[in-house]
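The values are calculated or read from the model by the stated rules, or taken from the named source; none is laboratory data. Every value quoted in this text rests on a predicted model; they were computed, and no experiment measured them. Note: ideal-geometry Cβ built from the backbone for every residue, glycine included; neighbour counts use all protein chains shown. SASA here: full protein model, heavy atoms, side chains in, ligands and nucleic acids out. Shrake-Rupley method; radii C 1.70, N 1.55, O 1.52, S 1.80 Å.
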Amino acid sequence: MTRENHPTHGAHEAAQAGDAPGSRTAERAAPTAERVPRTAGTAVVTGAGSGIGRAVALTLADAGWTVVLAGRRRGSLEQTAQLAGGAATRCVPADVTDPAAVTALFDSVREHEGRLDLLFNNAGTFGPAVPLADLSFEDWRAVVDVNLHGAFLCAQAAFRLMKDQRPRGGRIINNGSISAHTPRPDSIAYTATKHAMTGLTKSLSLDGRAHDVACGQIDIGNAATEMTAAMSQGVPQADGNRAPEPTMDADDVARTVLHMASLPLEANVQFATVLATKMPYIGRG
């Protein structure tokens, strides 16, 4: 992937093909300044120390983005930065459940990078897979704090920065889940927060219109990460049995996020679903 976009390339090809000036083909091949795909800018990736967050951070860095790596563990963030080679990254340890830490994270972006073009709102946790009757309030609250409160705090801070910067605007991509559509057994806290994420995405999308802030959501199913390692050994199914499930490469998710991030702000992937082709989701198992 290259670090530059070449908006005149399509117009050049149209001219070579003999399209007359003013023709529909020529007009579509010569985008206006507003329609040129976004060049790489500054991105914040939460949960960047592992899994989907790490894969997305590395893919953005490879495409020329300056990537601020946020997460609780500095060591994991530094490992991601090392994997990015010489790409422009900066590690900022932050707990997304702490309002002061989130404020400090985005204040540092304003100070060091000068603007924010993308938030990949990714930090999340499954919580314990236990029967509903056995789930403690503390475990419920821990999942809600990360998956919902943390996502809101980061989105709000990014929104404030994007609407006030010049040129104004930016994009927020929330990491939902196929659990935002269909639950797994014994996952009430995770499922509830991912349904709530969809509401967060829709409200951000609506409220962002006046400020050129776009918001979309990627719903992921069975990306191969540390969090899904048990799937090859068998996980509970809706019929009460346990069965192994197929997974997909997390880089396939990251490439989808990169596409969403690269669109001009007048275009938005509102919802995207990327899942292992043969996982038990479509149909009845």
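Okay, here's what the table says:
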{"item": "Computed magnitude of the charge dipole of the range 95-253 (debye, nearest 20; Cβ of K, R +1, Cβ of D, E -1)", "result": "680"}
{"item": "Cβ charges +1 (Lys, Arg) and -1 (Asp, Glu), total dipole of the chain, debye", "result": "340"}
{"item": "Burial ranking of peptide ranges 136-146, 213-223 (average Cβ count within 10 Å, highest at the top)", "result": "213-223, 136-146"}
{"item": "Accessible area in square angstrom per residue, the chain, 1.4 angstrom probe", "result": "51"}
{"item": "Net charge over other residues, Cβ less than 14 angstrom from the Cβ of Thr193 (K, R count +1; D, E count -1)", "result": "0"}
{"item": "The range 188-285 - charge dipole about Cα centre, Lys and Arg +1 at Cβ, Asp and Glu -1, debye rounded to 20", "result": "300"}
{"item": "0 to 90° range, to nearest 10: angle between helix 99-112 axis and the chain longest Cα axis", "result": "20"}
{"item": "Reach of Lys163 by Cα under 30 Å, taken over lysines that are not fewer than 8 positions away in the same chain", "result": "Lys194, Lys202"}
{"item": "Percentage relative contact order, the chain, counting C-alpha pairs under 8 Å, at least six apart", "result": "17"}
{"item": "Surface share of carbon and sulfur [accessible, 1.4 angstrom probe, percent] for the chain", "result": "52"}
{"item": "The range 44-98: relative contact order in percent, alpha carbon pairs under 8 Å with at least 6 residues between", "result": "36"}
{"item": "Residue-wise HN-Hα coupling along the range 144-155, computed from phi with Karplus coefficients 6.51, -1.76, 1.60 (Hz; x: Gly, Pro)", "result": "4, 4, 7, 6, 10, 4, x, 4, 4, 4, 5, 5"}
{"item": "Rounded to whole Hz, the Karplus (6.51, -1.76, 1.60) HN-Hα couplings of the range 245-261, x for glycine and proline", "result": "10, x, 10, 10, 5, 4, 5, 5, 5, 4, 5, 5, 4, 4, 4, 4, 6"}
